[in-house]
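Engineer: Just passing along the structure, written as structure tokens.
The values are calculated or read from the model by the stated rules, or taken from the named source; none is laboratory data. None of the values given here were measured: they were computed from a predicted structure. In this analysis, Cβ positions are derived from the backbone assuming ideal geometry, glycine residues included, and neighbour counts consider all displayed protein chains. Side chains included, ligands, DNA and RNA excluded: accessible areas come from the protein's heavy atoms. Shrake-Rupley method; radii C 1.70, N 1.55, O 1.52, S 1.80 Å.
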Amino acid sequence: LLLSASSLGAVVTDSRVLKPNYIVEYTKTPGEISEISDFFSESMVYGRLRSNSFWYEYDKNNALFQDHFKSGIGGSVTIKTPFYGGFGATAGFYGTLPLGDDNNYDNLPLNYTKTAKDLFRTRSDGTEAPIGVLAVGYIEYKTPTNDLTIGRQIFDNALFFFFYGKMIPNTFEAALLKNSYFDKTILQLGYITAQKLRDHMEFHSIIAYERLEENDDASAHKGLSVEN
């Protein structure tokens with residue numbers, strides 16, 4: 001109960017806020033510069049180290065369910081540039097490594113860690129692999145009332161959930177315009193072209209899954225296939 005209660009509140013430091021949804025909001029960010037020569041010297045780098053472990057124990061072990069323990073370690077490095085003439089940029093690399101043996105048991109082609117998506121890259125043959133992806137990378141243009149971002153970005157809203165409970169966020173290739181002209185009101189207009197799921201390393205259509213060798217093939221059992 002204590003753990004559940006504490007997870008509902010944000011963790012606040014002098015430079016960042018860890019929200020209950022595990023997104024980090026940086027409160028110290030680069031400002032506006034007047035000389036282009038200060039573009040790199042005034043940029044800021046943010047790092048984050050994470051680890052997650054899961055233990056599953058079943059009353060009865062069979063071909064579909066096996067007791068298992070899985071763990072992974074990962075993190076992210078984010079670079080934010082200052083703004084020059086209203087223009088700035090952000091890039092974020094996210095990665096994770098599996099710790100321990102592959103998740104196949106008794107040579108069965110079953111995936112026992114589907115519920116631990118983005119802890120590492122899982123595949124239907126029971127093998128695991130690291131994930132490394134430039135999940136965030138966008139240019140930004142700001143005015144006193146408008147904020148336009150174009151590129152790979154996280155959407156923190158109820159319509160497009162990002163799934164960031166473990167290592168890798170669900171991000172989108174999109175253009176997003178925020179307008180704060182009205183007091184205590186933010187209007188948003190967005191256009192999304194592609195989505196990268198949390199355990200994927202490639203962006204693809206948001207309404208159709210295209211099978212890629214680099215991604216989880218989404219088959220939990222031998223013989224299952226995924227159509228576009």
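Engineer: Within segment 114-141, which residues are of a type in the set (Gly, Ala, Ser), crowded, with 20+ Cβ neighbours inside 10 Å and either at pLDDT 95 or above or part of a strand (DSSP E or B) (or both)?
Structural biologist: Passing the criteria: only ALA135.
Engineer: Considering (1) in contact with a strand residue (DSSP E or B) (Cβ under 7 Å, 6 or more places away or on another chain); (2) modelled with pLDDT under 90, say which one GLU32 fails and leave the rest.
Structural biologist: (2) is the only condition that GLU32 fails.
Engineer: Is segment 75-84 home to any residue that is open to solvent by 90 Å² or more (accessible area, probe 1.4 Å), touching a helix residue (DSSP H, G or I) at 6+ places or on another chain (Cβ under 8 Å) and over 23 Å from THR171 (Cα atoms)?
Structural biologist: yes
Engineer: Turning to a different aspect of this structure: Can you list residue pairs whose Cβ atoms sit under 9 Å apart, with the first residue in segment 127-151 being without any contact (Cβ under 8 Å) to a residue 12 or more places away in the chain and more than 14 Å from GLY92 (Cα to Cα) and the second being among the basic types (Lys, Arg) and open to solvent by 20 Å² or more (accessible area, probe 1.4 Å)? Count only pairs 6 or more apart in sequence or on different chains.
Structural biologist: Once the first residue is without any contact (Cβ under 8 Å) to a residue 12 or more places away in the chain and more than 14 Å from GLY92 (Cα to Cα) and sits in segment 127-151, no partner that is among the basic types (Lys, Arg) and open to solvent by 20 Å² or more (accessible area, probe 1.4 Å) comes close enough.
Engineer: Quick check on PRO98: is it open to solvent by 40 Å² or more (accessible area, probe 1.4 Å), in contact with a Gly (Cβ under 7 Å, 6 or more places away or on another chain), at pLDDT below 95 and not charged (D, E, K, R)?
Structural biologist: no
Engineer: Would you mind stating whether LYS166 is open to solvent by less than 50 Å² (accessible area, probe 1.4 Å) and of a type in the set (D, E, K, R)?
Structural biologist: The answer is yes for LYS166.
Engineer: Shifting gears a bit: What's the number of the only condition in (1) acidic (Asp, Glu); (2) open to solvent by 40 Å² or more (accessible area, probe 1.4 Å); (3) modelled with pLDDT of 70 or more that GLU214 fails to meet?
Structural biologist: It is condition (3) that GLU214 fails.
Engineer: Here's another thing I want to ask about it. Can GLY86 be described as touching a residue at least 40 places away in the same chain (Cβ under 8 Å) and small (Gly, Ala, Ser)?
Structural biologist: Judged against the criteria, GLY86 is a match.
Engineer: Next question, about the same structure. Which one of the conditions (1) closer than 28 Å to LYS70 by Cβ; (2) at pLDDT 80 or above does SER41 fail to meet, given that it meets all the rest?
Structural biologist: Of (1) closer than 28 Å to LYS70 by Cβ; (2) at pLDDT 80 or above, only one is false for SER41: (1).
Engineer: Could you grab me the full set of residues in segment 73-98 that are within 15 Å of the chain's Cα centre (by Cα) and small (Gly, Ala, Ser)?
Structural biologist: The answer is GLY74, GLY75, SER76, ALA91, GLY92, GLY95.
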